[in-house]
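Student: Please find one structure pasted underneath; my questions will follow.
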Amino acid sequence: MKAVIVVHGGAWAIPDEISQASIDGVKAAACEGFSLLKRGGSALDAVESAVRAMEDNAVFNAGHGAVLNSDGEVELDAVIMDGRTLACGAVSSVKNIANPVSLARAVMEKTDHVMLTSKGANLFAEGIGVVTTPTETLVTEYERKEWEKHKKYHTGVIELFNTQWAHDTVGAVAVDHSGNVACATSTGGIRNKMVGRVGDSPIIGCGGYADNLSGAVSCTGHGESILKVTLARLILSHIEQGKEVVDAVELSLRYMGDRVHGAGGAIAVSPSGEWAAKFTTERMAWASVECDILWYGLNPNEKFKQQLS
């Protein structure tokens, strides 16, 4: 069985000044996840590892590099899902956690629940010995300055989403040598969001979904729009109806644009290793590795190839 990993660093209007760092970041994350798959590791371990790499990279809005809410605080969301068993875990509005994707996995493996939120998620983290990270360590100087510029959260988020004011999610999907699929998604949300706002990222079937019977998806973009169309599950529904993976992603993104005027992107992989990375925003940094070949892109209809040594 062919192992494949695909990652994204968020679908939005990525400025030129961080475009190369975004590409470098997703390439490194994809290679890190694939190295686990190559050694016989599970899809679940691969997506967690890839997302952790992006949470640790301040160029992305997840963990380190996260945006600030209207109170100047970091509130993080994440989800992880195992397509073999449909086991899943999620956290939302969690504070001062450097790697929320790993906390989400702990919810999946150490509790009887699927999601923990806010204070409860932090209490759980404390209870299992997760070290908290001060807000000032997670937030970049650039983000602090941008937050000062935009202290009022505007209701016209969809219109603003394609401007540089937006800053989005990271995610990964993978299939391992046993044919098992998994997904993971992590985000700091929207800059100056209302306190307690939760987008699509930690919601099963919206920000991500994984099922060995169809595939795995991680979504990115305007969270409220993704929630309204349950984007991840919609993509897999098209695959279940016989659509090719790339067609399923494109059809679903087009539907979201037509139905609720939302922009975004998604990565997907099937149990057979067919994959896609598509978006309707200006840019989305993405990378994929299969058979020691690295594919990556940033702009629409762009796909570069690199042989790994």
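What follows is calculated from the coordinates using simple rules that are stated; it is not laboratory data. Computed from a predicted model, the values in this text were never measured in an experiment. Methodologically, a virtual Cβ is constructed for each residue, glycine included, from the backbone with ideal geometry; neighbour enumeration extends over all protein chains shown.
Student: Identify, among 221, 81, 271, the residue whose Cα sits farthest towards the positive end of the charge dipole of region 4-307, taking +1 on the Cβ of Lys and Arg and -1 on the Cβ of Asp and Glu, with the dipole about the Cα centre.
Tutor: Looking along the dipole axis, the top candidate is 221.
Student: Once volume of the Cα convex hull per residue in Å³ is worked out from the coordinates, which option in (1) 183; (2) 125; (3) 113 does it equal?
Tutor: Matching entry in (1) 183; (2) 125; (3) 113: (3).
Student: Where nothing but the Cβ of Lys and Arg (+1) and of Asp and Glu (-1) is charged, how large is the charge dipole of region 4-307 around its Cα centre, in debye to the nearest 20? Don't skip to the answer; put the middle values down first.
Tutor: Values: 26 positive and 37 negative charges, 68 e Å.
The dipole magnitude comes to about 320 debye.
Student: State, to one decimal in nm, how far the label point of residue 274 lies from the label point of residue 70, with both points 7 Å from Cα in the Cβ direction.
Tutor: 4.5
Student: As a quick test, which of the pairs 38/305; 38/193; 2/243; 2/228 have an alpha carbon distance above 28 angstrom in this structure? Intermediate results must be reported in sequence, preceding the final value.
Tutor: Details: 38/305 19 Å; 38/193 40 Å; 2/243 20 Å; 2/228 34 Å.
As for pairs spanning more than 28 Å Cα to Cα, those are 38/193; 2/228.
Student: Ok, one more. Taking the Cβ-Cβ separation of residue 114 and residue 307 as r and a Förster radius of 41 Å, what is the calculated FRET efficiency to the nearest 0.05? Display every interim value, and only then the final one.
Tutor: Numbers: r = 40 Å, r/R0 = 0.98.
Efficiency at R0 = 41 Å is approximately 0.55.
Student: Among rounded, prolate and oblate, which fits region 249-309 when a ≥ b ≥ c are the square roots of the eigenvalues of its C-alpha gyration tensor, a/c under 1.5 means rounded, and a/b larger than b/c means prolate? Before the final figure, lay out the partial values.
Tutor: On the way: a/c = 3.98, a/b = 1.80, b/c = 2.22.
Cα axes put region 249-309 in the oblate bin.
Student: Size of the dipole of region 1-157 about the Cα centre, Lys and Arg at +1 and Asp and Glu at -1 on the beta carbon, nothing else charged, in debye to 20? Don't skip to the answer; put the middle values down first.
Tutor: On the way: 15 positive and 21 negative charges, 78 e Å.
Result for region 1-157 is approximately 380 debye, rounded to the nearest 20.
Student: Just how large is the dipole of region 1-45 about the Cα centre, in debye to the nearest 20, putting +1 at every Lys and Arg Cβ and -1 at every Asp and Glu Cβ?
Tutor: Working: 4 positive and 5 negative charges, 75 e Å.
My answer is approximately 360 debye.
Student: Oh, and also: Gain in length, residue 19 to residue 237, computed as 0.36 nm per residue apart minus the alpha-carbon separation, to one decimal in nm?
Tutor: On the way: separation 218, 0.36 × 218 = 78.48 nm, distance 3.26 nm.
Result: 75.2 nm gained on full extension.
Student: With n ≥ 4 as the cut-off for DSSP H runs, can you work out [θ] at 222 nm for the chain, using -39500 (n - 2.57) per run divided by the number of residues, rounded to the nearest 500? Working shown, then result.
Tutor: Details: 10 runs with 108 residues, N = 309.
Here the helix-only value at 222 nm equals -10500 deg cm²/dmol.
Student: In percent, what relative contact order does region 4-307 have, based on Cα pairs under 8 Å that are 6 or more apart in sequence?
Tutor: Working: 851 pairs, mean separation 76.3, N = 304.
Value for region 4-307: 25 percent.
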